[in-house]
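Enquirer: My questions all concern the structure below.
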Amino acid sequence: MPSPFSLEPLEGVFQQMRSLEERTGRVLCSNAGEFKVGDQLYSVPRMRYCDGAADDPLRIGIFGSIHGDEPVGAYALIEFFAELAQNEQDTCGYDLVGYPVCNPTGFAKKTRDNHDGKDLNREFWRGSTQEEVRILEKEILARNFHGIISLHADDTSEGIYGFVQGAALYHDLLRPALKSAGAFLPVNGAAEIDGFTAFDGLIRDCYPGVLSTHPELEIKPFELIFETPGKEPLHRQITATKSFLYSVLRNYRSFISYAQNL
Ligand SMILES: [Zn+2]
């Protein structure tokens, strides 16, 4: 049976990942898991960059393109991982795992939903039978991340904005990261975004079922969602997203060392 849609966008990502692994020698690329749709095999790709000198590195999971029509997450993550080896000051003490394409069939079709018509970002921790969700839930449980960051684009927004689950890191993490990304794209200053109350692009709430940690974990990681205005040129969205990520790495490390010294 012929493939129902073009695999070119996915193959492009895999090719970039392979060249990234060869060029840097420090980024390991693999698959978090595979699944079949008809005769076609798909995989959820994974990249890892670890500060080998750190005793107990801070584990951060970064998730892109869970909505298949938001390619910025995938391309920003590939560029971000490609640069990490040259930014050792920022990556010191970290074990970073990136999932550039969380929804491979949607990415190939350029649709928000997956091949089965499901918005995967409403399926987490609800007993979903979607293979992509099962693969990612397993990863999230096994890796026990200190922090989870999801990358999105919103083509109804004129500016960047972000969600944080829980208030603790609102000031220390999300606010400075949005400010940093705000050097490249305007911040959405609306009092309500996507049905949520917002202030300076910051939202302290979320939809149920979004990609997140297991709801019953005792010690919760920080969870951030970053949204870029989807109609802006892709390269500007990528630059803003990378700036957001670097800011989170810098501020989370100092937040943790401050907390440990209390
Ligand atoms: Zn999205």
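The values are calculated or read from the model by the stated rules, or taken from the named source; none is laboratory data. Keep in mind that this is a model prediction, so the values were computed, not measured. Virtual Cβ from ideal backbone geometry, glycine too; neighbours counted across all protein chains shown.
Enquirer: Report, by residue number, each residue of the stretch 111-130 that is part of a loop (DSSP other than H, G, I, E, B), within 14 Å of the ligand (Cβ to nearest atom) and touching an Asp or Glu at 6+ places or on another chain (Cβ under 8 Å).
Expert: 111, 112, 113, 114, 119, 124
Enquirer: Another question, then. Can you confirm whether residue 190 is modelled with pLDDT of 90 or more and touching a strand residue (DSSP E or B) at 6+ places or on another chain (Cβ under 7 Å)?
Expert: No; evaluated as a whole, the condition is false for this residue.
Enquirer: Could you tell me which of the residues 18, 23, 46 is basic (Lys, Arg) and within 24 Å of residue 122 (Cα to Cα)?
Expert: 46
Enquirer: While we're looking at this one, here's another question. Any residue at all in the stretch 183-195 that is within 16 Å of the ligand (Cβ to nearest atom), hydrophobic (A, V, I, L, M, F, W, C), within 14 Å of residue 226 (Cα to Cα) and more than 19 Å from the chain's Cα centre (by Cα)?
Expert: yes
Enquirer: For the stretch 136-152, what are the residues that are more than 16 Å from the ligand (Cβ to nearest atom), in contact with a strand residue (DSSP E or B) (Cβ under 9 Å, 6 or more places away or on another chain) and of a type outside the set (A, V, I, L, M, F, W, C)?
Expert: 138, 139, 143, 144, 146, 147
Enquirer: For residues in the stretch 63-93 being of a type in the set (D, E, K, R) and within 16 Å of the ligand (Cβ to nearest atom), which is surrounded by the most Cβ atoms within 10 Å (Cβ to Cβ)?
Expert: Filtering first and then ranking leaves 70.
Enquirer: Okay, next question. Just checking, which of 133, 97 is within 19 Å of residue 210 (Cα to Cα), in contact with a helix residue (DSSP H, G or I) (Cβ under 8 Å, 6 or more places away or on another chain), away from the ligand (no atom under 16 Å from the Cβ) and not in a loop (DSSP other than H, G, I, E, B)?
Expert: The unique qualifying residue is 97.
Enquirer: Given the criteria of a type in the set (Phe, Trp, Tyr), touching a residue at least 60 places away in the same chain (Cβ under 8 Å) and either in contact with a strand residue (DSSP E or B) (Cβ under 8 Å, 6 or more places away or on another chain) or more than 14 Å from residue 149 (Cβ to Cβ) (or both), does residue 244 qualify?
Expert: yes
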